[in-house]
Amino acid sequence: MTVSTLTPSGVQCPKCGAHSIVEYKPTVYHCLKCDFEKDLSMPPKPEDTGLAQAIMGLAGFGLGLLILL
């Protein structure tokens, strides 16, 4: 296992704010202070806008009305 420390050029942990990020694997970065880990080879997860929850809520509401009628 090779661990290379990044230069302190402003690389800051997004979780704890410490400048203790190291490259754990070729695309995996790890914070030595709080154990935050980020794999840059993985695509970012899409943000949940709540649209799916709203659609499911409306579908449930419609189904409830259908059952009552």
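Any chance you could run the full-extension gain for Val11 through Leu66? It's 0.36 nm times the residue separation minus the Cα-Cα distance, nm to one decimal.
Numbers: separation 55, 0.36 × 55 = 19.80 nm, distance 5.55 nm.
Between Val11 and Leu66, full extension yields 14.2 nm more.
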Glu23 paired with Ala54, simple spin-label distance in nm, labels 7 Å along Cα-to-beta-carbon | 4.3
Between rounded, prolate and oblate, where does region 29-69 land on the alpha carbon gyration tensor, with a ≥ b ≥ c its root eigenvalues, rounded for a/c under 1.5, else prolate if a/b exceeds b/c?
-> prolate
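Where a number appears in this text, it was derived from the coordinates with a stated rule and is not lab data. Bear in mind that the values here come from a model prediction, so they are computed numbers and not experimental data. A quick note on method: Cβ atoms are made from the backbone with ideal geometry, for glycine too, and the neighbour counts reach across all protein chains shown.
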